[in-house]
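Some notes on the structure that comes next.
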Amino acid sequence: MQLSKKVFSGYTDRPEKVLQFGEGNFLRCFADWMFHELNKQTDFNGSVIAIQPIDRGMVDLLNEQDGLYTLYLRGLKNGQPESIHETIDVISRGINPYTEFEAYLQTATLPEMRYVISNTTEAGIAFDENDGPTSLPPNSYPAKLLVWLNHRFLTFGGDTTKGVHIIPCELIEKNGENLRKIILQLAEKWNLGEDFNVWLDTACTFSNTLVDRIVPGYPRERIAEITEELGYEDKQVVEGEHFHLWVIEAPEALQKELPFPSIGLDVLYVNDLTPYRTRKVRILNGAHTTLVPVAYLYGIDTVREAVEHPVVGKFIKEAIFDEIIPTLELSKEELEKFAAEVIDRFRNPYIKHLLTSISLNSFPKFETRVLPSILEYVKRKGEVPQKLAFSLAATIAFYRGKRGEESIPLNDDAAIMALLSNAWSTYDGTEESLGQIVKDVLAYEKNWKLDLNSVEGLTAAVTKHLINITTNGVQKAIETV
């Protein structure tokens with residue numbers, strides 16, 4: 001027996017208010033769950049239409065189950081492991097615009113349609129010059145949305161009360177602004193006219209957002225156990241962590257219409273999300289990147305093992321609280337609360353996060369996630385943050401490609417791989433040759449955007465740590481920091 005309206009007695013028909021581009025795991029575990037909570041706790045009374053943004057997707061599976069799916073939230077809550085599940089009934093139907101274009105356009109004529117959500121991957125918000133107004137459908141997400149918006153504009157004769165709030169969730173900076181820019185660029189190319197542009201500016205809003213929730217997705221390894229627990233088959237089960245954060249640069253009208261914060265959800269309506277993006281990149285992503293080479297060379301394989309290890313766990317916590325947080329602008333209390341949540345997320349007993357899976361493209365990641373903390377620390381304190389410098393040395397050592405007798409699976413830009421391979425080929429067992437390796441790597445401006453040898457004290461610190469790691473191994477070398 002498969003999950004459907006017949007199986008789920010609590011199903012409720014609601015007006016379709018949300019158009020969602022993307023039917024995958026993340027949005028169903030994130031935004032759809034939040035709209036589900038709005039329905040439960042307020043008079044929102046709305047449902048979501050899921051649009052398949054590419055020609056191959058999962059709306060057929062979703063429709064097989066009448067839009068229903070089971071959401072498992074699993075992780076540490078108040079320091080204790082907790083796994084809960086619930087049937088989510090917020091999606092009314094799914095549409096594949098490649099096979100049901102007229103049905104897709106018809107959704108633009110629904111009077112109560114009010115919100116557009118999307119997660120079409122980082123590549124989704126892009127201009128495609130081959131898209132035209134008569135494509136059925138256009139290829140890119142912005143062009144699909146523009147066709148829809150223009151149809152809504154024409155259907156309601158430019159009625160400004162029929163505008164929509166557009167809230168993209170793609171992980172690119174200024175996602176709302178970029179989407180709006182492409183929409184306007186396409187509208188000009190398609191000669192949609194000034195009246196449409198005025199309607200778009202006065203009736204519709206585009207919000208920049210930041211989203212954060214780890215969503216491992218479909219629990220393939222334990223689906224038999226889940227089926228037995230539920231008593232029915234669910235092909236759309238999705239798993240996520242308890243932690244969630246949605247930061248939205250929103251007009252006041254949107255904040256009133258979608259009162260997520262008032263029902264206990266971690267949604268922040270702000271004028272500028274830059275500090276929150278910086279916080280996430282530096283603390284969450286930066287901690288991952290700082291941790292990986294140190295923990296892996298220590299002999300640890302997963303994030304959870306690393307943060308719970310008495311030595312490596314202490315190292316990463318001190319790196320976060322003593323060297324990263326002091327470089328950020330938000331209040332210390334707020335930053336330390338977020339950092340504590342991050343550490344709990346890393347300790348999630350339900351997620352096995354391999355360090356090698358995070359090690360992909362370590363050098364570009366270090367440049368965007370950790371280097372800004374190093375540079376700001378030097379600027380503010382007048383000295384090099386030793387734990388972050390140790391991590392940089394460990395990253396160089398990691399790219400030697402060996403953990404004892406074991407080969408490390410390295411994966412990075414070809415030029416970076418060649419740089420490190422050539423650098424390590426010059427190592428002759430002397431401290432001088434290690435020093436030269438550090439100088440060569442730090443001088444690679446294509447990655448760092450500057451010659452890091454110019455940062456006072458950094459070359460010496462990284463060289464000292466690399467000598468220690470190479471000579472004594474990470475397990476002994478980490479004691480010095």
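The values are calculated or read from the model by the stated rules, or taken from the named source; none is laboratory data. This structure is a prediction, so every number in the text was calculated from the model and none was measured. Every residue, glycine among them, receives a Cβ derived from its backbone with ideal geometry; neighbour counts consider all protein chains shown.
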Checking Y296 against (1) hydroxyl-bearing (S, T, Y); (2) modelled with pLDDT of 95 or more; (3) in contact with a strand residue (DSSP E or B) (Cβ under 7 Å, 6 or more places away or on another chain); (4) assigned by TED's automatic domain parsing to the domain that holds Y72, only one condition comes out false. Which one? (4)
Can you run down the residue pairs with Cβ atoms below 8 Å, 6 or more apart or on separate chains, where the first is in region 95-112 and hydroxyl-bearing (S, T, Y) and the partner is at pLDDT below 95 and surrounded by fewer than 16 Cβ atoms within 10 Å (Cβ to Cβ)? Y98/D55
For region 100-133, give me the residue count where each residue is at pLDDT 95 or above, more than 14 Å from V147 (Cα to Cα) and hydroxyl-bearing (S, T, Y). 2
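State the number of residues belonging to region 319-332 that are closer than 29 Å to N411 by Cβ and out of contact with any Leu (no Cβ under 7 Å at 6 or more places or on another chain). Write out each step before concluding.
Looking only at region 319-332, we keep the residues that are closer than 29 Å to N411 by Cβ, and these are 319-320, 323-324, 327.
After this cut, where a residue has to be out of contact with any Leu (no Cβ under 7 Å at 6 or more places or on another chain) as well, the list is 320, 324, 327.
Result for region 319-332: 3.
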If you check E432 against the conditions, is it at pLDDT 95 or above, charged (D, E, K, R), surrounded by fewer than 21 Cβ atoms within 10 Å (Cβ to Cβ) and under 19 Å from P372 (Cβ atoms)? no
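If I go through region 249-272 residue by residue, how many of them are among the hydrophobic types (A, V, I, L, M, F, W, C), in a loop (DSSP other than H, G, I, E, B) and modelled with pLDDT of 95 or more?
Taking region 249-272 and keeping what is among the hydrophobic types (A, V, I, L, M, F, W, C), we get 250, 253-254, 258, 260, 263, 265, 267-268, 270.
If we keep only those that are in a loop (DSSP other than H, G, I, E, B) as well, we get 250, 258, 265.
When the remaining residues are screened for being modelled with pLDDT of 95 or more, the result is 258, 265.
Adding up the residues that qualify gives 2.
Please verify whether region 76-84 includes one or more residues that are touching a residue at least 24 places away in the same chain (Cβ under 8 Å) and in contact with a Ser or Thr (Cβ under 8 Å, 6 or more places away or on another chain).
Going through region 76-84, the residues touching a residue at least 24 places away in the same chain (Cβ under 8 Å) turn out to be 76-77, 79, 81-83.
Filter once more, so that each one left must be in contact with a Ser or Thr (Cβ under 8 Å, 6 or more places away or on another chain): none.
No; the residues of region 76-84 include none that is touching a residue at least 24 places away in the same chain (Cβ under 8 Å) and in contact with a Ser or Thr (Cβ under 8 Å, 6 or more places away or on another chain).
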I'd like the full set of residues that are within 24 Å of the chain's Cα centre (by Cα) and of a type in the set (A, V, I, L, M), limited to region 79-110. I84, I88, V90, I91
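Name the one entry in L192, L136, L200 that is part of a helix (DSSP H, G or I) and not hydroxyl-bearing (S, T, Y).
Values: L192 fails: part of a helix (DSSP H, G or I); L136 fails: part of a helix (DSSP H, G or I).
Result: L200 is the single residue among L192, L136, L200 that is part of a helix (DSSP H, G or I) and not hydroxyl-bearing (S, T, Y).
Given the criterion within 22 Å of the chain's Cα centre (by Cα), surrounded by fewer than 16 Cβ atoms within 10 Å (Cβ to Cβ) and not aliphatic (A, V, I, L, M), identify the matching residue among D322, D272. Full working, then the answer.
Details: D322 fails: within 22 Å of the chain's Cα centre (by Cα).
Going through D322, D272 in turn, just one is within 22 Å of the chain's Cα centre (by Cα), surrounded by fewer than 16 Cβ atoms within 10 Å (Cβ to Cβ) and not aliphatic (A, V, I, L, M): D272.
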Which of the following residues is over 30 Å from V281 (Cβ atoms) and not basic (K, R): N130, N178, N208? N130
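Show me the strands (runs of 3 or more DSSP E) entirely contained within region 43-120 in which 1 or more residues are under 26 Å from I263 (Cα atoms) and in contact with a Phe, Trp or Tyr (Cβ under 7 Å, 6 or more places away or on another chain). Before the answer, list the steps.
Numbers: elements: 47-51, 69-77, 80-88, 91-95, 115-118.
Where strands (runs of 3 or more DSSP E) fall fully within region 43-120 and carry at least 1 residues being under 26 Å from I263 (Cα atoms) and in contact with a Phe, Trp or Tyr (Cβ under 7 Å, 6 or more places away or on another chain), they are 47-51, 69-77, 80-88, 115-118.
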If only one of R347, R282 is at pLDDT below 95 and assigned by TED's automatic domain parsing to the domain that holds P385, which one is it? R347
